[in-house]
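Asker: Got a structure here, written out as C-alpha cells. Questions coming.
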Amino acid sequence: MSVELTAGVAQWLRRIGGAVTGAASKLGFASRFLLAVLWHTPGAFRRMHLTLREIYFSGVLSLVIILMSGLFVGMVLSLQGYETLKRYGADEQLGILVALSLVRELGPVMSGLLFASRAGSAITAEIGLMKTTEQLAAMEMMAVDPLARVVAPRFWGGVISMPLLAALFSAFGIFGGYVVGVRLIGIDAGAFWGQMKAGVDVWPDVTNGIIKSFVFGIAVSLIAVFEGYDAKPTAEGVSSATTRTVVMSSLMILALDFVMTVFMFRGASVI
Amino acid sequence: MSIPAKPSSSRAAEAIAACRVDPTAAAVELTDVSFAYDVRPILSGITMTIPRGKIVAIMGASGSGKTTILRLIGGQLRPKSGGVCVGGLSVPDLEPEALYALRRKFGMLFQFGALFTDMSVFENIAFPMREHTELPEELIRDLVLMKLHAVGLRGAAHLMPAELSGGMARRVALARAIALDPMLVMYDEPFAGLDPISLGVIGQLIRRLNDALSITSVVVTHDVYESLKIVDYLYFVSEGRIVAAGTPEEVHASSDLFVRQFIDGAPDGPVAFHYPAPAYREELFADVG
C-alpha cells in the first residue's frame with residue numbers, strides 16, 4: 001500500500017514538474033521569439049509593402065466591427081449614464097462621462113478584445129496553416145527566414161493598427177453617445193460638447209489611452225504570431241492555437257489594463 | 001554544377017575541413033548519421049553517397065525516416081551523431097548565414113507542393129527570384145514563363161494554387177524548386193496521391209530537368225515502379241537503417257527479402273503486418289483466468 005502511495009505521489013510530483021518545466025520552456029521560447037521578431041523589425045520596415053498589407057488585413061478589415069461596436073457601446077453608455085446622472089441632477093455632465101469612459105478604458109480595452117477576436121485569431125490561423133501545409137518550411141528551404149517574411153510584418157501590422165482602431169472606436173463611441181444623449185434624450189448640445197472639452201485632458205486621458213492601446217497591440221500581436229508559429233501542424237493544433245490566442249489575449253488585455261490604470265491614474269480622482 | 005558556397009567565417013572553413021568527402025566527387029555524403037526526436041530513435045548509422053548529376057531515390061515504408069534524411073541534408077534538423085556533407089560543407093556545423101547561403105543552391109519539392117496560397121502561380125515562382133536577386137521585373141517575367149514552360153504550365157501562370165489539381169500543383173512547385181537553377185533538388189514524395197498521367201509526367205520531368213540542368217536529385221518516395229524507371233541508384237530504408245541499395249537493374253534482380261517485399265507489395269515479411277503486441281490468445285483470454 002505504501003509503495004503504491006509513494007508511486008502515486010512520485011507520479012503527481014512528476015506531473016507538476018513536467019507542467020512547470022513545460023511552462024518555463026514555452027515562456028523562454030516566447031521571449032527568444034520576441035527578440036527574434038524585434039531583430040527582424042528593420043527588415044519588415046524595409047519591405048514596407050508587406051507591413052502595409054498586414055495593416056490592411058488587421059486594421060482596415062477590422063474597421064466594420066470596431067466602428068459598429070464603438071457606436072453601440074457609446075449609445076448604451078450614454079443611455080445608462082444619463083439614467084444615473086439624472087438622479088443627482090448632473091445630466092449635463094453626460095458628455096464628460098461618455099468621453100472619459102471611452103478614451104481611458106472602453107476604447108482601448110474593447111477594441112483590444114475585438115482586435116484579438118477578429119485579427120489575432122486570423123493571424124494565428126494563417127501562420128498555423130502555413131506551418132501545417134509546409135509553406136514556412138518551404139520558405140526556410142528557399143533561404144528566406146519566415147520570421148522576417150511572415151511573422152515580423154504581421155506583428156508590426158497589428159501593433160500599428162491597434163491604436164488607430166482604438167481611437168476610431170472612441171470617436172464613434174462619442175458620436176453614438178451624442179446621438180442618444182443630445183438627439184434622442186434632448187441634452188443641450190453645447191453642454192455636452194463643452195463639458196467634454198473642459199473635462200478631458202490630452203495627456204492624462206487621451207495619451208494614456210493611446211499608450212494602453214499600443215501596449216495591447218504589442219501583447220495581442222505577439223501572442224497571435226507566437227501561437228501560430230508554435231502551433232502543432234495539425235488541424236486540431238491550429239484550432240487549439242487559435243483558441244489560445246483569443247483567451248490569452250483577452251486575459252492579458254484585462255490584466256495589463258488594471259496594471260497600467262494603477263500607474264497612470266493613481267493620482268486622479270477615479271482611484 | 002554550381003560552385004560550393006563560399007565560407008563566411010573561420011567556423012565555416014572548419015566545417016569544410018570536417019567534411020571527409022571530396023567535394024568534386026559527391027554532391028551529398030552522409031556518414032554514420034544517427035538522429036532521434038528526444039529519446040525516440042529515427043535514424044541509426046545511415047551512410048550514403050549521392051554523386052553529382054545523378055538521381056538517387058531513398059525508398060522505404062511510411063515512418064521509416066526517409067523525410068528526416070532530407071531534412072538533415074537541408075539543415076532543418078541536426079544529426080545526433082555522424083556527418084552530413086553537401087557540396088563539401090558540413091551542414092550541421094554551418095552558421096545560419098552560411099546555411100542560408102547553401103540553401104540558395106537547393107531546390108525542394110514538398111509532398112503537397114507547399115505553394116504559397118496567397119500568391120498566384122506566377123508569383124510563387126517569382127518569389128525566390130525576388131528574394132535573392134536584383135533582376136529587373138521584365139527579366140523575372142521571362143524567367144518565370146520559361147520555368148513554367150518547362151513544366152508545361154505556362155498557360156496557368158495567372159491561376160491561384162487553389163485552382164490547380166494535385167498534379168498541376170506539384171509541377172508548379174517543381175518549377176519553383178528550379179527557379180534559381182539549383183545544384184541539388186530534393187523531392188519529398190513527389191508521386192504521392194497523383195493519377196497515373198500526372199505521375200508519369202512528374203517522373204519524366206524529374207529525369208529531364210535533372211539531365212538538362214545538370215543537377216543532382218534526391219527523391220524520397222515509396223513508389224517503386226515510377227522510381228525504378230527514372231533513378232540511377234536506390235537506397236532502401238527501414239526502421240531508420242539502410243537495408244539494401246543498388247541500381248534499378250540490381251534491385252530488379254535482388255533476392256533480398258526486404259527488397260522483394262517492397263517491390264511485390266507483400267503485406268507480411270521483414271516489415272511485419274502486425275504492430276508489436278502481446279500474444280493474441282493471451283490478450284483475448286486475459287480476463288478468463
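The values are calculated or read from the model by the stated rules, or taken from the named source; none is laboratory data. Keep in mind that this is a model prediction, so the values were computed, not measured. Please note: Cβ atoms are built from the backbone with ideal geometry, for glycine as well, and neighbour counts cover all protein chains shown.
Asker: For region A:106-163, give me the residue count where each residue is out of contact with any Pro (no Cβ under 6 Å at 6 or more places or on another chain), of a type in the set (Val, Ile, Thr), over 12 Å from A:Ala44 (Cβ atoms) and within 14 Å of chain B (Cβ to nearest Cβ). Please lay out each step first, then the result.
Answerer: Taking region A:106-163 as the starting set, the residues that turn out to be out of contact with any Pro (no Cβ under 6 Å at 6 or more places or on another chain) are A:106-130, A:133-135, A:137-138, A:140-141, A:143-163.
Imposing the further condition that a residue be of a type in the set (Val, Ile, Thr) reduces the set to A:109, A:123-124, A:127, A:133, A:144, A:150-151, A:159-160.
Next cut, over 12 Å from A:Ala44 (Cβ atoms) only: A:109, A:123-124, A:127, A:133, A:144.
With within 14 Å of chain B (Cβ to nearest Cβ) added as a condition, the list becomes A:123, A:127, A:133, A:144.
Qualifying residue count for the region: 4.
Residues are listed down the side, and each one gets a yes or a no for (1) surrounded by fewer than 22 Cβ atoms within 10 Å (Cβ to Cβ); (2) at pLDDT 90 or above; (3) under 21 Å from A:Ala137 (Cα atoms):
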{"position": "B:Met1", "(1), (2), (3)": "yes, no, no"}
{"position": "B:Ala25", "(1), (2), (3)": "yes, no, no"}
{"position": "B:Tyr37", "(1), (2), (3)": "yes, no, yes"}
{"position": "B:Ser44", "(1), (2), (3)": "yes, no, no"}
{"position": "B:Gly88", "(1), (2), (3)": "yes, no, no"}
{"position": "B:Val91", "(1), (2), (3)": "no, yes, yes"}
{"position": "B:Arg104", "(1), (2), (3)": "yes, yes, yes"}
{"position": "B:Met108", "(1), (2), (3)": "no, yes, yes"}
{"position": "B:Ala114", "(1), (2), (3)": "no, yes, yes"}
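Asker: Next question. Can you tell me how many residues within region B:72-83 are within 14 Å of chain A (Cβ to nearest Cβ) and either in contact with an Asp or Glu (Cβ under 6 Å, 6 or more places away or on another chain) or buried (at least 21 other Cβ atoms within 10 Å of the Cβ) (or both)?
Answerer: Total satisfying the criteria: 4.
Asker: Which condition does A:Ala167 not pass, out of (1) surrounded by fewer than 21 Cβ atoms within 10 Å (Cβ to Cβ); (2) more than 30 Å from A:Trp39 (Cβ to Cβ), if it passes all the others?
Answerer: Condition (2) is where A:Ala167 drops out.
Asker: Looking at B:Val271, B:Val237, B:Val259, which is the one that is β-branched (Val, Ile, Thr) and not assigned by TED's automatic domain parsing to the domain that holds B:Asp32?
Answerer: Values: B:Val237 fails: not assigned by TED's automatic domain parsing to the domain that holds B:Asp32; B:Val259 fails: not assigned by TED's automatic domain parsing to the domain that holds B:Asp32.
The conditions single out B:Val271.
Asker: While we're on this one: Test of understanding: among B:Leu184, B:Leu213, B:Leu180, which residue is at pLDDT below 90, of a type outside the set (Phe, Trp, Tyr) and either surrounded by fewer than 22 Cβ atoms within 10 Å (Cβ to Cβ) or in contact with a helix residue (DSSP H, G or I) (Cβ under 9 Å, 6 or more places away or on another chain) (or both)? Let's see the steps before the verdict.
Answerer: Numbers: B:Leu184 fails: at pLDDT below 90; B:Leu180 fails: at pLDDT below 90.
Residue meeting the stated conditions: B:Leu213.
Asker: Another question, if that's okay. Any idea which of B:Arg207, B:Arg170 is touching a residue at least 12 places away in the same chain (Cβ under 8 Å), among the basic types (Lys, Arg), out of contact with any Pro (no Cβ under 8 Å at 6 or more places or on another chain) and under 30 Å from B:Leu228 (Cα atoms)? Spell out how you get there, then give the answer.
Answerer: Working: B:Arg170 fails: out of contact with any Pro (no Cβ under 8 Å at 6 or more places or on another chain).
When all the criteria are applied, what remains is B:Arg207.
Asker: Quick check on this structure: which one of A:Leu35, A:Leu77, A:Leu5, A:Leu97 is farther than 30 Å from A:Phe192 by Cα, among the hydrophobic types (A, V, I, L, M, F, W, C) and within 26 Å of the chain's Cα centre (by Cα)? Even if it seems obvious, please write down each step before you answer.
Answerer: Details: A:Leu77 fails: farther than 30 Å from A:Phe192 by Cα; A:Leu5 fails: within 26 Å of the chain's Cα centre (by Cα); A:Leu97 fails: farther than 30 Å from A:Phe192 by Cα.
One residue alone meets the criteria, A:Leu35.
Asker: What number goes with the only condition from (1) of a type in the set (A, V, I, L, M); (2) in contact (Cβ under 8 Å) with a residue 12 or more places away in the chain; (3) surrounded by 13 or more Cβ atoms within 10 Å (Cβ to Cβ) that B:Ile197 does not pass?
Answerer: Unmet condition: (3).
Asker: Turning to a different aspect of this structure: Residues of region B:256-284 being small (Gly, Ala, Ser) and over 23 Å from B:Thr221 (Cβ atoms), which ones? Before you say what the answer is, go through the steps one by one.
Answerer: From region B:256-284, those small (Gly, Ala, Ser) are B:265-266, B:269, B:272, B:277, B:279; that's our starting set.
Across region B:256-284, the qualifying residues are B:Ala277, B:Ala279.
Asker: Regarding region A:121-135, can at least one residue be identified that is more than 30 Å from B:Met129 (Cα to Cα), surrounded by 19 or more Cβ atoms within 10 Å (Cβ to Cβ) and modelled with pLDDT of 95 or more?
Answerer: Step one: list which residues in region A:121-135 are more than 30 Å from B:Met129 (Cα to Cα), which gives A:121.
Next, from what is left, pick out any that are surrounded by 19 or more Cβ atoms within 10 Å (Cβ to Cβ): A:121.
Now drop any that are not modelled with pLDDT of 95 or more, which leaves A:121.
So far as region A:121-135 goes, yes, one or more of its residues are more than 30 Å from B:Met129 (Cα to Cα), surrounded by 19 or more Cβ atoms within 10 Å (Cβ to Cβ) and modelled with pLDDT of 95 or more.
Asker: Let me ask something else. Residues A:Leu50, A:Leu61: which one is over 16 Å from A:Gly120 (Cβ atoms) and either surrounded by fewer than 17 Cβ atoms within 10 Å (Cβ to Cβ) or in contact with a helix residue (DSSP H, G or I) (Cβ under 9 Å, 6 or more places away or on another chain) (or both)? Write out each step before concluding.
Answerer: On the way: A:Leu61 fails: over 16 Å from A:Gly120 (Cβ atoms).
Step by step, each of A:Leu50, A:Leu61 is checked, and only A:Leu50 is over 16 Å from A:Gly120 (Cβ atoms) and either surrounded by fewer than 17 Cβ atoms within 10 Å (Cβ to Cβ) or in contact with a helix residue (DSSP H, G or I) (Cβ under 9 Å, 6 or more places away or on another chain) (or both).
Asker: Continuing with this model, one more query. Of the conditions (1) surrounded by 12 or more Cβ atoms within 10 Å (Cβ to Cβ); (2) closer than 16 Å to A:Ser221 by Cα, A:Ser31 clears all except one; give me its number.
Answerer: Of (1) surrounded by 12 or more Cβ atoms within 10 Å (Cβ to Cβ); (2) closer than 16 Å to A:Ser221 by Cα, only one is false for A:Ser31: (1).
Asker: Looking only at region B:189-220, which residues are within 20 Å of B:Val121 (Cα to Cα) and in contact with a Lys or Arg (Cβ under 8 Å, 6 or more places away or on another chain)?
Answerer: Residues satisfying the conditions are B:Pro190, B:Leu194, B:Ser198, B:Val201, B:Ile202, B:Leu205.
Asker: Does A:Gly81 meet the test of being farther than 26 Å from A:Ile160 by Cβ and in contact (Cβ under 8 Å) with a residue 12 or more places away in the chain? So that I can check it myself, show each step before the final result.
Answerer: On the way: farther than 26 Å from A:Ile160 by Cβ: yes; in contact (Cβ under 8 Å) with a residue 12 or more places away in the chain: yes.
Spelling it out, A:Gly81 is indeed farther than 26 Å from A:Ile160 by Cβ and in contact (Cβ under 8 Å) with a residue 12 or more places away in the chain.
Asker: For A:Ile55, indicate whether it is of a type in the set (A, V, I, L, M) and under 30 Å from A:Pro163 (Cα atoms).
Answerer: Details: of a type in the set (A, V, I, L, M): yes; under 30 Å from A:Pro163 (Cα atoms): yes.
Here the answer is yes, as A:Ile55 does meet what is asked.
Asker: Please name all residue pairs, on different chains or six or more residues apart, with Cβ atoms under 8 Å, provided the first residue is in region B:264-275 and is closer than 17 Å to B:Val251 by Cα and the second residue is of a type in the set (Ser, Thr, Tyr).
Answerer: Cβ pairs passing all conditions: B:Pro270/B:Ser238.
Asker: Looking only at helices (runs of 4 or more DSSP H) that lie completely in region A:99-155, which have at least 2 residues being closer than 22 Å to B:Ala169 by Cα and out of contact with any helix residue (DSSP H, G or I) (no Cβ under 6 Å at 6 or more places or on another chain)? Break it down into steps so the answer makes sense when it comes.
Answerer: Working: elements: A:107-115, A:121-132, A:135-141.
Ranges flagged: A:121-132, A:135-141.
Asker: Continuing with the same structure: Do any helices (runs of 4 or more DSSP H) entirely within region B:98-204 hold 3 or more residues that are within 13 Å of another protein chain (Cβ to nearest Cβ), and if so, which?
Answerer: Counting at least 3 such residues, we get B:121-132, B:166-177.
Asker: Just checking, which of B:Leu115, B:Leu99, B:Leu72, B:Leu77 is more than 26 Å from B:Ala192 (Cβ to Cβ), in contact (Cβ under 8 Å) with a residue 12 or more places away in the chain and aliphatic (A, V, I, L, M)? Reasoning before the result, please.
Answerer: Values: B:Leu115 fails: more than 26 Å from B:Ala192 (Cβ to Cβ); B:Leu72 fails: more than 26 Å from B:Ala192 (Cβ to Cβ); B:Leu77 fails: more than 26 Å from B:Ala192 (Cβ to Cβ).
Just a single option satisfies the conditions, and that option is B:Leu99.
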